[in-house]
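Asker: Mind looking over this structure? Questions follow.
The values are calculated or read from the model by the stated rules, or taken from the named source; none is laboratory data. The structure presented is a predicted model; accordingly, all values stated were derived computationally and were not measured. Every residue, glycine as well, gets a Cβ built from its backbone with ideal geometry; the counts of neighbours run over all protein chains shown. Side chains included, ligands, DNA and RNA excluded: accessible areas come from the protein's heavy atoms. Shrake-Rupley method; radii C 1.70, N 1.55, O 1.52, S 1.80 Å.
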Amino acid sequence: MQTKKAINYFYEYFQIFVGIVLTSLGLKAFLLPNGFLDGGVTGIALLVRTQVDIKMSFLLVAFSIPFLILGFFTVSKRIVIKSIISILGVALFIHFENFQTITNDKLLISIFGGLLVGSGIGIAIRNGSVLDGSEILGIYLNDKFGLSIGKIVLLFNIILFTVTAFVETIEIALYSILTYIIAAKVTDTVIEGFEDFIGLTIVSKKNDIIKKAILEELGVGLTIYKGSSGYGNNGKVEDFDIIHSIINRIDIKKMHRLVNTIDENAFIIEFDVNTIKGGVLRHYINKKKNRKLHKNNT
């Protein structure tokens, strides 16, 4: 048990390290050498750096302190400890590493700088850490109000880039905003996962056949609810099963074709699924393997 726990800790911190490297690469190889600003605390530090002669790494740590204090009172202490380590890691990389500039094309800088920084931020957050103090504000508001972390950070950066437009140039501010539109989307994608799922509720008189077809043809887990229908207070009441299932959006048309083949009058409700935990959903990912096992058992 202790060995497994130690492996999990190592895996978490290894992923955080990967996030630090990706973010640092995005900053040092794309954004900073070409005059683009980073967002969040790093962006604030860069702006202040243009006005005072203090090293960037020192400013980065100093401006992160208020957000870490917020994290101490609002999120878990484990997140704060990991975040301190991560922020110091980014500061050290920025201070000592000199990644070679890859391109001077402004559009490529915005796209790939945003991809790398967003990936690094998302990987860190998935493992209970942040690489920029402002992201603690995002985590806090996400927990409090359910707002997207990427969009919170983006809003923070838009305010920052508005100031940048006056201090530096409008062009730099606009390209920096483009960078963080990309970074925000990548951050959310990494945090929430690449799989896009749809929830389905199916009502049909041929529910037994549909259930069997879903399990065998799609390999998807499902839940059965008991329902009843009737007409008026004294109308005929009929009991039936309601099928509830989760499927990848890519295969949603296949699900419709399967149900329509069995019962074209089936009543189907679709809804977006934001968070999935537990259950037998993983059987859907390994449906080919499950089908093979099913055939071997019959």
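Asker: Where residues in the range 46-61 are of a type in the set (A, V, I, L, M) and closer than 13 Å to residue 90 by Cα, which of them is most open to solvent (accessible area, probe 1.4 Å)?
Answerer: So, considering only residues that are of a type in the set (A, V, I, L, M) and closer than 13 Å to residue 90 by Cα, the one most open to solvent (accessible area, probe 1.4 Å) is 61.
Asker: Something else about it: So, in the range 162-174, exactly how many residues are open to solvent by 60 Å² or more (accessible area, probe 1.4 Å) and under 19 Å from residue 118 (Cβ atoms)?
Answerer: 1
Asker: Within the range 193-204, track down each residue that is modelled with pLDDT of 85 or more and outside any strand (DSSP E or B).
Answerer: Listed by number, the list holds a single entry, 204.
Asker: On to the next question. For residues that are in a loop (DSSP other than H, G, I, E, B) and at pLDDT 85 or above, scanning just the range 105-128, find the one that is farthest from the chain's Cα centre (by Cα).
Answerer: 105
Asker: Checking the structure you have, find out if any residue of the range 36-44 is outside any helix (DSSP H, G or I), surrounded by 14 or more Cβ atoms within 10 Å (Cβ to Cβ) and charged (D, E, K, R).
Answerer: So far as the range 36-44 goes, yes, one or more of its residues are outside any helix (DSSP H, G or I), surrounded by 14 or more Cβ atoms within 10 Å (Cβ to Cβ) and charged (D, E, K, R).
Asker: Please go through (1) open to solvent by 70 Å² or more (accessible area, probe 1.4 Å); (2) touching a strand residue (DSSP E or B) at 6+ places or on another chain (Cβ under 9 Å); (3) at pLDDT 80 or above for residue 257 and return the number of the only condition it doesn't satisfy.
Answerer: Condition (2) is where residue 257 drops out.
Asker: Oh, and also: Out of the range 124-142, which residues are of a type in the set (A, V, I, L, M, F, W, C) and in contact (Cβ under 8 Å) with a residue 24 or more places away in the chain?
Answerer: Result: 124, 125, 130, 131, 136, 137, 139.
Asker: Could you tell me which residue of the range 98-139 is surrounded by the fewest Cβ atoms within 10 Å (Cβ to Cβ), considering only residues that are among the charged types (D, E, K, R) and under 30 Å from residue 72 (Cα atoms)?
Answerer: 126
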